[in-house]
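Readers should treat all values here as calculations from the given coordinates under stated rules, not as data from a laboratory. What you see is a predicted model, and the numbers here were worked out from it, not measured in a lab. When we count neighbours, we look across all protein chains shown, and the Cβ atoms used for this are built from the backbone with ideal geometry, even at glycine.
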Amino acid sequence: MQTKYIFITGGVCSSLGKGLTAAAIGLLLEKKGLKIAMLKLDPYLNVDPGTMSPFQHGEVYVTDDGAETDLDLGHYYRYTNSFLSRASNATSGQIYNTVIKRERHGDYLGKTVQVIPHITDEIKQRIYQCGKQQENIDVVLVEIGGTVGDIESLPFLEAIRQFTYENRPHCLNIHLTYVPYLKAAGEVKTKPSQHSVQILREIGIFPDIIVCRCEFSLSEEVKDKISLFCNVNRRAVIEEVDVEHSIYEVPIKLHDEGIDALICELLHLPSPPVDLREWETIIETIRHPKGTITVGIVGKYVQHQDAYKSVFESLIHGALAAGYKLQIKRFEADKLPLDSQQLSKALEGCDGYLVPGGFGERGWLGKIHTAKLCREKNIPYFGICLGMQVLAVEFARHVLGLDDANSTEFDVDTKHPIISLLSEQRGVQDLGGTMRLGAYTCDLKPSTKAYQAYKRDQISERHRHRYEFNNAYKEAMEKAGFIIAGTLKGENLCEIAEIKGHPWMVGVQFHPEFKSKPTDPHPLFRDFIQAMITHQEKVHGNTQSAE
Ligand code: GLN
């Protein structure tokens, strides 16, 4: 079958959930029996988001092949089964980089290198490449980052205009827009959407479907107006109302609006009925939880909505597996008191704590003392990446009595470098794309919490870090009750650490949050939540009920 292409642009403002909408559409098409690929095009000039602050960009999502990508790929992973790789995300930075390298190589000899056609050709090339990542891809969904009207995204829009022109019957343009409700006027306004579509039309893109993000359901009259003034069929005006319970309702809502059937009709694709029961069950569980479980996140970027996106979602998946509602309490690690009693008071009210990944020293001590509290009080603790390094250094400091144990990331001259750089990282000068990145195989030790969770001898998980546990301390640490529950295949690097005799204190050097789905919760998040439930029952008795 000829591959089809769906382009998704966004209008009016950012944060409309374009990635989520794209992922939900991807899921619906998969449920129609189609094989999809997904591509995110980002207009910024960074080669990848790897060197950006999480405050700027939110989480960096890592693929198996070690690409540091946009967090929307996390949505794609959670909703769909599409294959994600380096070819699933392209930035203006990468595109310009490729073209400029080619120019230096002499590939355009004699020519003036220009945005059109050279940059736009490279963009089109990336779209084709994404669809060739695997055999028999039926539909490629391309999400264009940014908002229509931005100067930065113009080359992308010109490229998809050309692409649509060149592949006319096989392309579909979906425009996601915002239809605000003005309280003071008591009215819904369609003008911003009209203007956004007008800009697209000036560029030569004519949306086939308009998806309207809105707070309340739109009246027939409003939809008629959008249809007439945006020049789309009335059936192609799809509303996407704010969801009540969970973002996992989005595919169900969009299906109820008929978007999947319409896409198939417009692209002449087979359109069997879709079965969304699995997703309906998820919403049912969210609506009627057995109880509430509260996790404390102790990190550096906790106030940023998206900095730990996949961690938050994975925790929700773990809670779903137990039929519980998840409540998240966020703690700024550098604001925590270090005195045990004061810390215990400051952190009060959680059934367990998670220390996520991070870079830089701010908050390091707050994290170490959180781990100490959890270890001493038998409270469930889950450390991810930096959170595992926290667990190891805390143990060295307070159990082995090596007061100045540290990571060389924070003290290069520490007498006890529990966490340090491997020799291959020592000479690294460039900071972009040079960490230990992507999937590595890890051997699990039997009779550990990790083994209990995965129930397998070998696992594959994704990494994004520079520093490692220092094996010079392995023996002393193990003797004192530090368990190395997982090691890098073929080498002796510590990938998972646990604390002997503790109900659930696990640290992982990798990022399990990149591989959890609502329909398939990650085993470590599932077991962490289960340990928190057991802890809650022990502390409060089995009296917690759903709110
Ligand atoms: N900063 C630590 C390292 O580079 C941890 C990184 C992370 O948590 N992703 O090793």
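Per-residue counts of other Cβ atoms within 10 Å, averaged by peptide: what ranking do you get for 482-489, 292-299, highest first?
Top of the packing list down: 292-299, 482-489.
Please list, in chain and number order, the residues 5+ apart from residue 148 or on another chain whose amide H is under 5 Å from its amide H, with Hs placed from the backbone.
10, 11, 12
Calculated from DSSP H runs of 4 or more alone, at -39500 (n - 2.57) each and per residue, what is the 222 nm mean residue ellipticity of the chain, nearest 500?
-10500 deg cm²/dmol
Using only Cα atoms, tell me the angle between helix 18-31 and the longest principal axis of the chain; keep it within 0 to 90° and round to the nearest 10.
80
Could you check the simple spin-label distance between residue 517 and residue 275, using points 7 Å along Cα→Cβ, in nm with one decimal?
1.5
Quote the relative contact order of segment 114-223 in percent (integer), defining contacts as alpha-carbon pairs under 8 Å separated by 6+ residues.
25
Please report the Cα spread of the chain along all three principal axes, rounded to whole Å, starting with the longest.
72, 66, 45
Taking every Cα atom in segment 85-129, find the radius of gyration and the maximum pairwise distance Dmax, and write them in Å.
Rg then Dmax for segment 85-129, in Å: 10.8, 35.
Which loop-located chymotrypsin sites (Phe, Trp or Tyr not before Pro) does segment 197-269 contain, where loop means any DSSP state but H, G, I, E or B and the Cβ has at most 13 other Cβ atoms within 10 Å?
216
Please report the relative contact order for the chain, taking Cα pairs under 8 Å with a sequence separation of at least 6, and give it as a percent rounded to a whole number.
15
Determine the relative contact order of segment 1-86: mean sequence separation of Cα pairs under 8 Å and six or more apart, normalised by residue count, in whole percent.
32
Could you state the per residue volume, in Å³, of the convex hull enclosing the Cα atoms of segment 1-108?
144
Report the dimensions of segment 144-203 along its three principal axes from the alpha-carbon atoms, largest first, rounded to Å.
If we take the Cα atoms of segment 144-203, the spans are 46, 26, 18 Å.
Scaled to the compact-protein estimate 2.2 N^0.38 Å, what is the alpha-carbon radius of gyration of segment 396-547, rounded to two decimal places?
In units of the globular-protein estimate, segment 396-547 measures up at 1.17.
For residue 329, list long-range residues whose amide hydrogen, built 1.01 Å from N in the peptide plane, is under 5 Å from its own amide hydrogen.
295, 296, 297
Could you give the dipole magnitude of segment 26-166 about its Cα centre, charging the beta-carbon of Lys and Arg +1 and that of Asp and Glu -1, in debye to the nearest 20?
Approximately 300 debye in magnitude.
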